[in-house]
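Notes for the one structure printed next.
The values are calculated or read from the model by the stated rules, or taken from the named source; none is laboratory data. Fair warning: this is a prediction, and the values are worked out from it, not measured in the lab. A quick note on method: Cβ atoms are made from the backbone with ideal geometry, for glycine too, and the neighbour counts reach across all protein chains shown. The area values use the complete protein model at the heavy-atom level, side chains included, leaving out ligands, DNA and RNA. Shrake-Rupley method; radii C 1.70, N 1.55, O 1.52, S 1.80 Å.
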There are 2 protein chains.
Amino acid sequence: MAEVDTRQRILDAAESLFTEHGFDATTLRQITGAAEVNLAAVNYHFGSKEELIREVFRRRLTWLNQQRLQELDRLEAEAGGAPLKPSRILEVFFGVALKMAADTEGGGRSFMRLLGRTYSKPSEFVRGFLAEEYAAVLARFKAALIKALPGVPGEEILWRFHFMLGAMSYAISGTDALHMVAEDALDDSDPEALYARLMSFMIGGLRAPLPKLQAGPAKRPRIKKAA
Amino acid sequence: MAEVDTRQRILDAAESLFTEHGFDATTLRQITGAAEVNLAAVNYHFGSKEELIREVFRRRLTWLNQQRLQELDRLEAEAGGAPLKPSRILEVFFGVALKMAADTEGGGRSFMRLLGRTYSKPSEFVRGFLAEEYAAVLARFKAALIKALPGVPGEEILWRFHFMLGAMSYAISGTDALHMVAEDALDDSDPEALYARLMSFMIGGLRAPLPKLQAGPAKRPRIKKAA
DNA sequence: GTATGATTCAAACAACTGTTTGAAACATAC
DNA sequence: GTATGTTTCAAACAGTTGTTTGAATCATAC
């Protein structure tokens, strides 16, 4: 019984401290201190600091991605084979994440900020299982978007999806960054408003006119002249 | 004479190692090893590791922001008081950054990746002078954008600017992240193409319809019915 | 009660951290 | 040449890191 309690307390403390100071700058002594457990408890319950980090991610990420897939399933079932509205797809993917990020009490907010930062700087040993957790989800959403946007090349969609991940990451970890730079602070206290803002920005970006790419390696002339 | 060489070699090695492993995970012994200088050289030339980090940023950031202000000056002078096209403003701000990021040889690319990550996780002691370096630039570009988009509230512009910073950050540090997740790798070998992609995405986002913000602290009903 | 296994605890471990030191090597001016 | 100031170097410093250890405590079943 005490096991669960201790594990949970360590995970919660670690998640919060990792978010605040990063992995390397957070020591096991800080974690066990905040969790009010013995130092050796981390190695006893998780084996090592690296395994603890992985578990911090696994705990939330698995649920998050299951939720995303589940909602996409529901949406596609409702549509019955017809392509979805791109905005609906984005709403599922980012809506679930932002909903989690809005959960200040359960620690979801802390985790999402951590995830955003880690995603852009995957320490070698998280990269592997992060890819593992994300692979299926990314594939599903990419396929849905390609189907929803028949006119847009798949590569372009992937890039724009990538840009959107960046926007979301900053939106969540957000105010820390802009706050430091803009004195007239942005109000991020309202998750609904943030969600609405981010979503209209993303949809605008997703539906933007395609860039004029010139002189690529596989340039294809418009009209084939006689050779 | 040797001083300059040593300082420079340390800064270059530090920049590259910080980008790859982060500040905390990079040790002075790694840096001095890569730079092929004595361990004590860092403390002799920079005073401390923290000062070294600050100098790594200062070296590039000062130039980068000067460049941005300079180009904005030129643009506004040409316009002669008339509001600029929003896309032109973005082209200056992000174009300069992406040009630097495209500089693989001079180390600019490495630095921009580092900057993008640091911006979203400012260790307490970089935050201060990072804000210092950015304050003037942000203010200028914000003002220009507000002038260029008279219909859009200033707060909305700031948010969208923030989202764009996120998109750019991911675009630069980019492929590491998406690469790990999408097997059909994105080709980021062409900076021109990346620039074009990012720019049309951003402009699309910037010009997107305003979000419908409901039930804020100042909710205003559409039609006031009889009570 | 005793026995068995899981969990906690204080203490120690070796390895590594940023920093300091004092002598050596170097450059430059006289 | 000597003198002076700067830069390099190997070695050591004290402090912190993640991890291990072996005894103590707890819970549960018999």
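Hey, does the range A:61-74 have a residue that's farther than 24 Å from A:E132 by Cβ and more than 12 Å from DNA strand D (Cβ to nearest atom)? Yes. Within the range B:134-176, being in a helix (DSSP H, G or I), open to solvent by 50 Å² or more (accessible area, probe 1.4 Å) and farther than 21 Å from A:D187 by Cβ holds for B:A136, B:R140, B:K147, B:D176. Residues that are within 14 Å of chain A (Cβ to nearest Cβ), away from DNA strand C (no atom under 12 Å from the Cβ), part of a helix (DSSP H, G or I) and surrounded by fewer than 18 Cβ atoms within 10 Å (Cβ to Cβ) do occur in the range B:9-23, at least one of them.
Pairing each residue of the range B:30-53 that is over 9 Å from B:A13 (Cβ atoms) and without any contact (Cβ under 8 Å) to a residue 12 or more places away in the chain with any residue that is within 6 Å of DNA strand C (Cβ to nearest atom) and part of a helix (DSSP H, G or I), provided the two are 6+ apart or on different chains, yields C-beta distances under 7 Å for B:L39/B:L28; B:L39/B:R29. Under the condition of being within 14 Å of another protein chain (Cβ to nearest Cβ) and crowded, with 16+ Cβ neighbours inside 10 Å, which residue from the range A:31-60 is farthest from DNA strand D (Cβ to nearest atom)? So, considering only residues that are within 14 Å of another protein chain (Cβ to nearest Cβ) and crowded, with 16+ Cβ neighbours inside 10 Å, the one farthest from DNA strand D (Cβ to nearest atom) is A:F57.
Across the range A:179-220, the number of residues qualifying as modelled with pLDDT of 85 or more and closer than 20 Å to B:F141 by Cβ comes to 4.
Tallying residues that are at negative phi and either not in a helix (DSSP H, G or I) or not assigned by TED's automatic domain parsing to the domain that holds A:S123 (or both) within the range A:64-86 yields 4. Find the residue count for the range B:45-63, including only residues that are part of a helix (DSSP H, G or I) and within 7 Å of DNA strand C (Cβ to nearest atom). Number satisfying all stated conditions: 2.
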